[in-house]
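Colleague: Please see the structure below; I have some questions.
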């Protein structure tokens, strides 16, 4: 069986997110086209040299190079069943900056710069529930539980389902958004319908790419020295929850993190003052 055909079959059975499967397919095709050898002739040195070129000639960031490494590792371990090669492909290590976080006031300022009202509601939902872009655009009517004030996320980044919290203010925004869709486009919003529908693409809902592109445009118009990405609202949600007294393990579940290590990063960016953390020196001086 041709390696690329086998790759597709393995990915179809893997349970990985569609976006991950597409990314792996693109990266393996790029890898094979660049190496330009029969798969059986490719050596470990070829693989390592390819990754080095991505890092130092094309100047890809460490995260991007590691994404290529993950795809190649999957290709060799799962598709070609050459585990001894996959295990020898090292993961690049380097400085990982702390996530950039907006204050509550900055969150409002940033979102209000979004010209499209529907996209604005999407961003408020992302912040108020700590959702990823791909998760929020995929929400269906049946995923909203207004009695328990929860949003069901059927498939997180790590492949597992979870419940996110639903803000009362956000629920009002979502209901108003539904009413506007009904008036303007005549949508019925049945349980299996998307909450943010679109007739312009096959997915049936506003795409992740559309939201990311519009966030990029807002970033250009937002006067801030902070490094802002589409993930910043999620980072801000987690940090503000921590500052408000939420337990780190609660936040881990709400974000859908597989490991507590991923959540612990917010301990480094939360404000000690807002967490009611004081220096022991202040207590000594009062005595």
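Colleague: Using Cα springs under 10 Å in a Gaussian network model of the chain, which residue among 254, 267, 48 shows the largest mean-square fluctuation?
Modeller: Comparing 254, 267, 48 in a Gaussian network model of the chain, the most mobile one is 48.
Colleague: Here is a further query. Could you pull out which residues in the stretch 82-98 have an amide N less than 19 Å from a spot 7 Å beyond the Cα of residue 6, following the Cα-Cβ vector?
Modeller: Taking a point 7 Å out along Cα→Cβ of residue 6, the residues of the stretch 82-98 whose backbone N falls under 19 Å are 82-89.
Colleague: Ok, one more. Rounded if a/c is under 1.5, else prolate if a/b beats b/c, else oblate: with a ≥ b ≥ c from the C-alpha gyration tensor eigenvalues square-rooted, which is the stretch 104-267?
Modeller: Here the stretch 104-267 falls in the oblate category.
Colleague: Would you calculate, for the chain, the mean residue ellipticity at 222 nm contributed by helices, counting each DSSP H stretch of 4 or more residues as -39,500 (n - 2.57) and dividing by all residues, to the nearest 500?
Modeller: -15500 deg cm²/dmol
Colleague: What is the distance, in nm, between label points placed 7 Å from the Cα along the Cα-to-Cβ direction at residue 199 and at residue 77?
Modeller: Between residue 199 and residue 77, the label points sit 4.6 nm apart.
Colleague: Can you pull the one-decimal nm distance between simple spin-label points at residue 70 and residue 224, each 7 Å off the Cα toward Cβ?
Modeller: That separation, rounded to one decimal, is 2.5 nm.
Colleague: How much length is gained if the chain between residue 268 and residue 146 is pulled fully straight, taking 0.36 nm per residue apart and subtracting their Cα-Cα distance, in nm to one decimal?
Modeller: 40.6 nm is the gain from fully extending residue 268 to residue 146.
Colleague: Could you calculate the contour length gain from residue 93 to residue 118, that is, 0.36 nm times the residue separation minus the distance between their Cα atoms, to one decimal place in nm?
Modeller: Additional length available on full extension: 5.1 nm.
Colleague: Over the stretch 3-86, calculate the relative contact order: mean separation of alpha carbon pairs under 8 Å at least 6 apart, over the residue count, as a percent.
Modeller: 34
Colleague: Per q in 0.08 Å⁻¹, report the Debye log10 I(q)/I(0) for the chain, using one uniform scatterer on each alpha carbon and no solvent.
Modeller: Listed by q, the Debye log ratios stand at -0.45.
Colleague: For the stretch 3-86, what is one quarter of the convex hull surface built on the Cα atoms, given in nm²?
Modeller: Mean projected area for the stretch 3-86: 5.3 nm², to one decimal.
Colleague: Can I ask one more? What ranking of 83, 257 emerges when the number of other C-beta atoms within 10 Å of each C-beta is taken as an exposure proxy, fewest first?
Modeller: Listing 83, 257 from fewest to most nearby Cβ atoms yields 83, 257.
Colleague: Averaging sequence separations of C-alpha pairs under 8 Å and six or more residues apart, then dividing by the length of the chain, give the relative contact order as a whole percent.
Modeller: Once divided by the residue count of the chain, the mean separation gives 18 percent.
Taken together, the values in this text are just the output of simple stated rules run on the coordinates, not laboratory data. Keep in mind that what you see is a predicted model, and the values were worked out from it rather than measured. Note: ideal-geometry Cβ built from the backbone for every residue, glycine included; neighbour counts use all protein chains shown.
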